[in-house]
Amino acid sequence: MKFTLAKPRIFFKVSRFLFPFIIVMGVLCFGTGLYTALVTSPPDYQQGDAMRIMYIHVPASWMALCVYSLLAILSLFILVWRHPLAEILAISAAPIGALFTLLSLVTGSLWGKPMWGTYWVWDARLTSVLVLLFLYVGYWALYKAYAHPAQGIRAASLLALIGAINLPIIKGSVNWWNTLHQPASITKLSTPSIHPSMLFPLGLMTAAYGFYFLLLLILRARTEFNKRKCLVQENFS
Amino acid sequence: MILRELYNAYLHKGSLLSTLGFFSLSLFCTSFALGQSEVILKRSAPALIWILASLTTFFSTPHLLKREAEGGLLDEILLHPCLSSTYLVSKVIAEWVFVALPLICIILFFSPMFALASHELLSLCLTFLIGFPALSALGNLGSLLTLNTQGGGILLSLIILPLTLPLLIFGLSVMEMTQLGLDSSSSLSFLMGVSLFLSILGITIGSWALPLAVER
């Protein structure tokens, strides 16, 4: 079962089936999400229109964390079962995750300038997300430093597994330390402290980011598959 | 095994000396560049010393490991019935003796330049000695991971430095407490916990990385 899934043919079949669906859903979510976020949702009573950057910032941060968790799980698959599909998905996912992290940091600091009066503070949440970016960079650098990708991916997977201890730190940083960054307003056990008129566009934007990630992941994985195929053919001929 | 590591280090006095030379020279240069102001020197001394010491550790560990890998010792460790983590533990202990202790001596020697009081100096040395096993374990892990690459030391610092951040945070908070004259025992116990955790992590994952470093 594990290895029938790994056959490239099956991956191509499934991804070809899902691809149009993902594109349509992604465009729909981005369109309605951006419209509701930028036009119809009410401005914040304290922050005014500046809080609209949150519709970009919050999903990007969530995606950065999600992609890293995915990367850690895939790394486990790579190390334990040497799963070939996991390898390809992991190296396709890592740069996308790094981009989400960068987007989250940049939009956060743009928001911080009018709200906190500074682009950057050494706050626990900000620092741990910066460390996440460094982990992504280190993962990619280590993978690329090996002459043989099969070796590089395993070294990088070990690094990704250690880096996973950063995830709970990011999550807990706003509760464990006194930080400037506000604590979570949605993922609480009680009802979310955010009005539905703002929650709705946020959800749409998150879905849009998710579809965008899947789209890029499939494209990158296909490229990687084809690259490897070419490499094998060159080696044979 | 520890004795063997120590003897090995003794055989390669040259690289050890260059490590210590690098550390003292960089310490001298930064303290000189910061200028005359005693307040600034005193304030920045712990951070500078910590960062330079961790960089020194990361530059020195790959050399020894590389030499042993070329000599075929790593293959032998893998074939040997004893755990490969034992090898890493002995390496960390030996490094504690022949890198950390000389570094402490250099810090003591250079302390007048930073205008540190004796109790501050004491807590600085203590935090460094506590934190060093984690630095060394992570450095060994990093050098195992980068053994077969061309990048070498720079790549190692790139992948390992983010992981040493907790050590830096708690080590420097101990120093801050001491400089303000407060009770630093809670930060110290945090530092011990973090150091222990990172050492175990580095050694465990390092023993997984050992087969990876051997194949080429």
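A compact table of results
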read-out: Residues (open to solvent by 50 Å² or more (accessible area, probe 1.4 Å) and farther than 18 Å from A:Glu224 by Cβ) located in region A:80-105; value: A:Val80, A:Trp81, A:Leu102, A:Leu103
read-out: Candidate set from region A:224-237 (those that are open to solvent by 80 Å² or more (accessible area, probe 1.4 Å) and assigned to a helix (DSSP H, G or I)); member that is nearest to A:Ile88 (Cα to Cα); value: A:Lys227
read-out: Answer from A:Tyr68, A:Tyr45 - the residue that is at pLDDT 90 or above and among the aromatic types (Phe, Trp, Tyr); value: A:Tyr68
read-out: In region B:1-43, the residues that are polar (S, T, N, Q) and either open to solvent by less than 30 Å² (accessible area, probe 1.4 Å) or under 25 Å from B:Thr86 (Cα atoms) (or both); value: B:Asn8, B:Ser15, B:Thr19, B:Ser24, B:Ser26, B:Ser31
read-out: Subset tally (residues that are in a helix (DSSP H, G or I) and open to solvent by less than 30 Å² (accessible area, probe 1.4 Å)) for region A:42-60; value: 6
read-out: Among (1) open to solvent by 10 Å² or more (accessible area, probe 1.4 Å); (2) within 8 Å of another protein chain (Cβ to nearest Cβ), the one test that A:Leu135 misses; value: (1)
read-out: Residues within region A:114-132 that are farther than 12 Å from A:Gln182 by Cα and not in a helix (DSSP H, G or I), tallied; value: 6
read-out: From A:Arg16, A:Arg52, A:Arg9, residue being touching a helix residue (DSSP H, G or I) at 6+ places or on another chain (Cβ under 7 Å), basic (Lys, Arg) and either within 22 Å of A:Pro168 (Cα to Cα) or free of Cβ contacts under 8 Å to residues at least 40 places away in the same chain (or both); value: A:Arg52
read-out: Those residues of region B:86-131 which are open to solvent by less than 40 Å² (accessible area, probe 1.4 Å) and either under 17 Å from B:Met192 (Cβ atoms) or touching a His at 6+ places or on another chain (Cβ under 9 Å) (or both), in sequence order; value: B:Tyr87, B:Val92, B:Ala100, B:Ser123, B:Leu124, B:Cys125, B:Thr127, B:Phe128, B:Ile130, B:Gly131
read-out: Selected residue (only one of B:Ile159, B:Ile154, B:Ile130 is under 18 Å from the mean Cα position of the chain (by Cα) and free of Cβ contacts under 8 Å to residues at least 12 places away in the same chain); value: B:Ile154
read-out: When residues of region B:156-187 are limited to those that are more than 21 Å from B:Thr57 (Cβ to Cβ) and buried (at least 20 other Cβ atoms within 10 Å of the Cβ), the one farthest from the other protein chains (Cβ to nearest Cβ); value: B:Thr178
read-out: Residue among A:Gly117, A:Gly108 that is closer than 26 Å to A:Ile56 by Cβ, more than 10 Å from chain B (Cβ to nearest Cβ), open to solvent by less than 20 Å² (accessible area, probe 1.4 Å) and among the small types (Gly, Ala, Ser); value: A:Gly108
read-out: Any hit, region B:138-155, residues being among the polar types (S, T, N, Q) and away from every other protein chain (no Cβ under 14 Å); value: no
read-out: Candidate set: region A:142-163, residues that are hydrophobic (A, V, I, L, M, F, W, C) and open to solvent by 30 Å² or more (accessible area, probe 1.4 Å); chosen: the one modelled with the highest pLDDT; value: A:Leu161
read-out: Selection status of B:Ala213, part of a helix (DSSP H, G or I), of a type in the set (A, V, I, L, M, F, W, C) and at pLDDT 85 or above; value: no
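The values are calculated or read from the model by the stated rules, or taken from the named source; none is laboratory data. Quantities reported herein were computed from a predicted structural model and do not represent experimental measurements. Cβ coordinates were reconstructed from backbone atoms using ideal geometry, including for glycine residues, and neighbour counts include every protein chain displayed. These area figures cover heavy atoms from the full protein model, side chains too; ligands, DNA and RNA do not enter into them. Shrake-Rupley method; radii C 1.70, N 1.55, O 1.52, S 1.80 Å.
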